[in-house]
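The block underneath contains the structure these notes are about, expressed in structure tokens.
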Amino acid sequence: MTFDGLAARLRGRVLLPGDDGFTSGSKPFNERYAGIVPAAVVSAASTEDVVTAITWARENDVPLVARGGGHSYAGASVNTGLVLDLRGLDQVHVDPGTGLVTVGGGTRMRALYEALRPHDITFPLGNSDEVAIGGLTLGGGVAAVSRAFGLTCDSLVSTDVVLADGSTVRCSAEENPDLFWACRGGGGGNFGVNTSFTFQARPVVNSATCLLLWEWEHAVDVVLVAQEIQRTAPDALSLRIGLTSNGMVSLIGWHLGSADELRAVLAPLQSTRPSRCDIEDRTYWEAVEYVHHETAGGAFAGRTRTTSVPLPEEGVRTLVAAVGKWPGSSNPDGGGAALFGWGGAINALSPTDTAFPHRDALFLVSLDTSWLPSDGPQVVRDNLEWLTALHEDIGEHTDNASYLNFTDPDLPDWRQAYHGPNLARLTEVKRRYDPDRFFEFSQAI
């Protein structure tokens, strides 16, 4: 197949295997999918390039996927056809008077935080530098401040979308409201390519953060106490309770208030004898850096469930026992489980107000495992079987609901788990805006 005709119509570039920029424009973050290589990458320089790429792909019957940061857990931002790299669409415009922030569809977190910081305004964003705004927003976008500020998609005012027929529409509460509803939690890649987003930002708030660590023998007690703290905490506090295969229990938190307030809320944990307890006042921007996510990379898989109540002791013991029996791999990230504090402003809307359905959850229960490409197939099988078994076992204590942005390609009954009561309406939106299913992938609506 030749891409000369496409290249001649673009402001950006067509990159073929071996060209400079081809790998960075197509390599998935999750190396589980590193063997999937596209025929070509379109490095888009404008919305018109997005239109051209979609039109050309349809005319030539070539599958196309859009890529922002490439962080899809399921490798959905790469295929064997045409990858549409949106990283060139990264302009950020801030209106200090209204607090409206308009960003290109490929803008990544590091650049967005840098653009917001001089104005001391913010909205809920991710904690990894290279995650792009499109995938975050379209899957809902749960941030470390979401208990106070809501989801990323809850701050969305409008978005521009290039549809499968090559037309461009703007959607908001007033324009194309059904597509706007779907773009607030219905998942990226389903309805079109979002080239621009406008959000309503708010002033930053001085903060406090915490990091507490415990030895493994305290795991059950810590999780039980920390869950109850999160359940009764003010919306200003969000906690993440972690259990890792290296035998460590952790609690990291961000409080939109003072360190003294945070110490008072966390006081019940002192009886569990943490080996480390750091609680400090920070500016908002210092807190952003403090909760920044780092990973060793490699290949990984994750599964999630939600729960509207704290896990009972039996459920906590199930998690602790399973993490203690993680089968092992060469990846230093290992395996583990985490409880992310939800609730608060996330639950201020009903499950059908936006396409994001999990508006009654108190915790996201996240399970993950990792390995390196150099590990043998038996290691991979053991890790995936461990993950599947734990997901099934913890299901006795949780809901059949999963977070779309932690996409799991092996998830059974994913339609219900991801979309719940919104599936029928999302299916109708898909029929209206992509009747020929040009935007198609394994878990497409």
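The values are calculated or read from the model by the stated rules, or taken from the named source; none is laboratory data. All values derive from a computational prediction rather than experimental measurement. Because the Cβ atoms are built from the backbone with ideal geometry, glycine has one as well, and the counts that use them run over all protein chains shown.
Residue check: S258 meets all listed conditions (1) among the small types (G, A, S); (2) touching a helix residue (DSSP H, G or I) at 6+ places or on another chain (Cβ under 7 Å); (3) surrounded by fewer than 19 Cβ atoms within 10 Å (Cβ to Cβ) but one, namely (2). Scanning region 374-393 for residues that are under 29 Å from L426 (Cβ atoms) and surrounded by fewer than 22 Cβ atoms within 10 Å (Cβ to Cβ) gives L384, T388, E392. When restricted to residues that are aliphatic (A, V, I, L, M), buried (at least 20 other Cβ atoms within 10 Å of the Cβ) and out of contact with any strand residue (DSSP E or B) (no Cβ under 9 Å at 6 or more places or on another chain), region 320-366 contains 2. Counting only helices (runs of 4 or more DSSP H) that sit wholly inside region 99-149, those with at least 3 residues that are closer than 19 Å to G187 by Cβ are 133-138.
Residue-level check: of (1) more than 24 Å from E428 (Cα to Cα); (2) without any contact (Cβ under 8 Å) to a residue 24 or more places away in the chain; (3) among the polar types (S, T, N, Q), S207 misses just (2).
Apart from one condition, T168 fits all of (1) β-branched (V, I, T); (2) surrounded by fewer than 17 Cβ atoms within 10 Å (Cβ to Cβ); (3) in the same structural domain as E314 (by TED's automatic domain parsing); the exception is (3).
Scanning region 54-61 for residues that are in a helix (DSSP H, G or I), within 16 Å of G88 (Cα to Cα), polar (S, T, N, Q) and not assigned by TED's automatic domain parsing to the domain that holds T107 turns up nothing.
Restricting L411, L404, L362, L367 to those that are touching a residue at least 60 places away in the same chain (Cβ under 8 Å), among the aliphatic types (A, V, I, L, M) and touching a Lys or Arg at 6+ places or on another chain (Cβ under 6 Å) reduces the list to L367. Remark: L10 falls outside the filter, which requires a residue to be part of a helix (DSSP H, G or I), over 25 Å from A301 (Cβ atoms) and touching a helix residue (DSSP H, G or I) at 6+ places or on another chain (Cβ under 8 Å). Figure legend. Inter-residue proximity from region 419-445: first residues within 19 Å of A401 (Cβ to Cβ), second residues among the basic types (K, R) and exposed (fewer than 14 other Cβ atoms within 10 Å of the Cβ), beta-carbon distance below 6 Å, spacing 6+ or different chains. Indicated pairs: L423/R415. Tell me, please, whether a residue that is small (G, A, S) and assigned to a strand (DSSP E or B) can be found in region 248-263. There is at least one residue in region 248-263 that is small (G, A, S) and assigned to a strand (DSSP E or B). Just a yes or no: is a residue in region 23-43 in a helix (DSSP H, G or I) and of a type in the set (D, E)? Yes; the residues of region 23-43 include at least one that is in a helix (DSSP H, G or I) and of a type in the set (D, E).
Is it true that N190 is in a loop (DSSP other than H, G, I, E, B) and surrounded by 20 or more Cβ atoms within 10 Å (Cβ to Cβ)? Considered against the rule, which asks whether it is in a loop (DSSP other than H, G, I, E, B) and surrounded by 20 or more Cβ atoms within 10 Å (Cβ to Cβ), N190 comes out as yes.
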